[in-house]
Amino acid sequence: MPSDSFLASVSDLIGAYGYLAVFAGTLLEGETILLAAGYAAHQGLLDWWTVVAVAFAGGTLGDQLAFLLGRWRGNAVIARFPVLARRAPQVHRLLERYNLVLILMIRFLYGLRIAGPLIMGSSRIPPLRFSYLNMIGAVIWAMLVTGAGYAFGVATTSMFGHLKHIEEMVLLVILMVGLAIWLWRHMRDKDR
């Protein structure tokens, strides 16, 4: 069992850098860090509404930057990734018919968080339309994923009571699993 000073250090780190980690994590993918932040909000280490606001800002900015990159150099970037290059025409056709739903939901589709807005940027979607729908999607995403982390905290508290050591270890495990998944994805994508 970890010592009290170790757990206090973890709590201090989350309090000091938690919002920065949420912002950095949500610029790219962010689900794991956002789940952990929701859990930390349940534990009183972070404020739930602030986590949602920071996740909204990071998620919106990350997708907006990917869209602008797609608008500026999309075809060249897409051509460097054969899987994207093969799927881009199909995505463009879908965007012509269902862009409202796709823009709102892209952040919920596994593996398309960066590629989706990039491909959308290379399409004929007006930038203002993308920005507006991107912000709506980011609010929904931030609230749902943070809420899921918070709900997980409620569930663990009801199962284990108010055992601070277990709660903080669960938070640490969530972060470590998230890091392991990120590393696995990074190494897998590097081999492609």
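Structure summary
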| read-out | value |
| --- | --- |
| Residue in region 69-83 that is touching a residue at least 60 places away in the same chain (Cβ under 8 Å) and either surrounded by 14 or more Cβ atoms within 10 Å (Cβ to Cβ) or basic (Lys, Arg) (or both) present | no |
| Residue satisfying condition, being modelled with pLDDT under 90, not polar (S, T, N, Q) and not in a helix (DSSP H, G or I), within set ARG107, ARG93, ARG86, ARG124 | ARG124 |
| Selection from region 28-63 of residues that are part of a helix (DSSP H, G or I) and on the phi > 0 side of the Ramachandran plot | none |
| Yes/no for ALA66 being at pLDDT 85 or above and assigned to a helix (DSSP H, G or I) | yes |
| Members of region 87-104 that are within 21 Å of the chain's Cα centre (by Cα) and surrounded by fewer than 16 Cβ atoms within 10 Å (Cβ to Cβ) | LEU100, VAL101 |
| Top-ranked residue in region 177-192 [being under 19 Å from GLU31 (Cα atoms) and more than 16 Å from the chain's Cα centre (by Cα); ranked as modelled with the lowest pLDDT] | ASP189 |
| Of residues in region 154-165 being modelled with pLDDT under 65 and part of a helix (DSSP H, G or I), the one surrounded by the most Cβ atoms within 10 Å (Cβ to Cβ) | HIS165 |
| Residues of region 56-68 that turn out to be of a type in the set (S, T, N, Q) and either over 13 Å from the mean Cα position of the chain (by Cα) or surrounded by fewer than 16 Cβ atoms within 10 Å (Cβ to Cβ) (or both), as a count | 1 |
| Pairs with Cβ under 6 Å, 6+ apart, first in region 7-34 and among the aromatic types (Phe, Trp, Tyr), second modelled with pLDDT of 80 or more and surrounded by 18 or more Cβ atoms within 10 Å (Cβ to Cβ) | TYR19/VAL54; PHE23/VAL54; PHE23/GLY58 |
| Of the criteria (1) assigned to a loop (DSSP other than H, G, I, E, B); (2) without any contact (Cβ under 8 Å) to a residue 24 or more places away in the chain; (3) out of contact with any helix residue (DSSP H, G or I) (no Cβ under 6 Å at 6 or more places or on another chain), which one LEU112 fails | (3) |
| Region 1-19, residues that are within 20 Å of ALA180 (Cα to Cα) and either at pLDDT below 55 or of a type in the set (A, V, I, L, M, F, W, C) (or both) | VAL10, LEU13, ILE14 |
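The values are calculated or read from the model by the stated rules, or taken from the named source; none is laboratory data. As the structure is a prediction and not an experimental result, all values here were calculated from the model. Cβ coordinates were reconstructed from backbone atoms using ideal geometry, including for glycine residues, and neighbour counts include every protein chain displayed.
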